[in-house]
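Structure in structure tokens, see below.
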Amino acid sequence: MTPHVRWYGEVKSCFHLNLSTMRFRADNGEFGWTRAQIPIVVDVLRSRGMGILGGELWWVQDEATIRSVIPQRHGPPAVYPWVTNRRPGEPWSDFVERGASDTLAAVERFPEPGDLPPDLGGRILYNLTWVSDVEFREPCQED
């Protein structure tokens, strides 16, 4: 998955003010939202023609510590990613819809009831990676 970081100004202009201010922002500029906020985020991204490439769960232990490896009730810690790849010849609008659908399904599925320890501190947030049609066709080159 190619990361496309959305900075605060872009998120603020893309999302309703309440949604842009009610999110968690990591030091690297990426955002995390609660399970309850994700359907709204997905609707906004879909309405703006943004393709969701995937996402992952974050365990935010405090307002500065983010972990993508999350302790489990039983067994070793786990990572919860999902990816939506654009299919060859797939129209952009179909990819946007499929990415939105895959994301909503992943958020419903992860984490499953009983996955996490009952005494797990902090909170679980959902981080999304999205891209416009132009960004997908002409990815930025890192210096």
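Output the residue which, of all residues in the range 37-75 that are in a strand (DSSP E or B) and β-branched (Val, Ile, Thr), is farthest from PRO117 (Cα to Cα).
The initial filter retains those residues of the range 37-75 that are in a strand (DSSP E or B), namely 51-60, 66-67, 70.
Now drop any that are not β-branched (Val, Ile, Thr), which leaves 52, 60, 66, 70.
On the way: ILE52: 29, VAL60: 15, ILE66: 17, ILE70: 10 Å.
Taking the candidates together, the pick is ILE52.
While we're here: Determine if the range 74-81 includes at least one residue that is crowded, with 17+ Cβ neighbours inside 10 Å and within 14 Å of the chain's Cα centre (by Cα).
Yes, the range 74-81 contains a residue that is crowded, with 17+ Cβ neighbours inside 10 Å and within 14 Å of the chain's Cα centre (by Cα).
Quick one: which of ALA105, ALA100, ALA78, ALA26 is modelled with pLDDT under 95 and small (Gly, Ala, Ser)? Walk me through it before giving the result.
Working: ALA105 fails: modelled with pLDDT under 95; ALA100 fails: modelled with pLDDT under 95; ALA78 fails: modelled with pLDDT under 95.
Sole residue among the options that is modelled with pLDDT under 95 and small (Gly, Ala, Ser): ALA26.
On to the next question. Looking only at the range 85-140, which residues are aliphatic (A, V, I, L, M) and closer than 16 Å to VAL44 by Cβ?
VAL96, ALA100, LEU104, VAL107, LEU128, VAL131
Further, regarding this structure: Taking the range 29-50, which residues are under 11 Å from the mean Cα position of the chain (by Cα) and charged (D, E, K, R)?
Across the range 29-50, the qualifying residues are GLU30, ARG35.
Also, quick follow-up: Within the range 49-58, is there a residue that is without any contact (Cβ under 8 Å) to a residue 40 or more places away in the chain, in contact with a helix residue (DSSP H, G or I) (Cβ under 9 Å, 6 or more places away or on another chain) and among the small types (Gly, Ala, Ser)? Don't jump to the end; show me each part of the working.
The first filter runs over the range 49-58 and keeps only residues without any contact (Cβ under 8 Å) to a residue 40 or more places away in the chain, leaving none.
No, every residue in the range 49-58 fails to be without any contact (Cβ under 8 Å) to a residue 40 or more places away in the chain, in contact with a helix residue (DSSP H, G or I) (Cβ under 9 Å, 6 or more places away or on another chain) and among the small types (Gly, Ala, Ser).
Pairs please, first residue from the range 81-99 and over 26 Å from LEU125 (Cβ atoms), second anywhere and at pLDDT below 95, Cβ atoms under 8 Å, 6+ apart in sequence or on different chains.
TRP92/ASP133; TRP92/PHE136
Condition test on GLU90, is it acidic (Asp, Glu) and under 18 Å from the mean Cα position of the chain (by Cα)? Spell out the reasoning first.
Details: acidic (Asp, Glu): yes; under 18 Å from the mean Cα position of the chain (by Cα): no.
No.
In the range 76-98, which residues are closer than 14 Å to VAL131 by Cα and part of a strand (DSSP E or B)?
Hit for the range 76-98 is VAL83, nothing else.
For the range 127-143, does any single residue satisfy the condition of being in contact with an Asp or Glu (Cβ under 8 Å, 6 or more places away or on another chain) and not in a loop (DSSP other than H, G, I, E, B)?
yes
Among what's in the range 103-126 and is among the acidic types (Asp, Glu) and in a loop (DSSP other than H, G, I, E, B), pick the residue that is surrounded by the most Cβ atoms within 10 Å (Cβ to Cβ).
Of the range 103-126, the ones among the acidic types (Asp, Glu) are 108, 112, 115, 119.
From what's left, in a loop (DSSP other than H, G, I, E, B): 112, 115, 119.
On the way: GLU112: 9, ASP115: 17, ASP119: 7.
Among residues in the range 103-126 that are among the acidic types (Asp, Glu) and in a loop (DSSP other than H, G, I, E, B), the one surrounded by the most Cβ atoms within 10 Å (Cβ to Cβ) is ASP115.
The values are calculated or read from the model by the stated rules, or taken from the named source; none is laboratory data. Bear in mind the structure is a predicted one, so any value in this text is a computation, not a measurement. Virtual Cβ from ideal backbone geometry, glycine too; neighbours counted across all protein chains shown.
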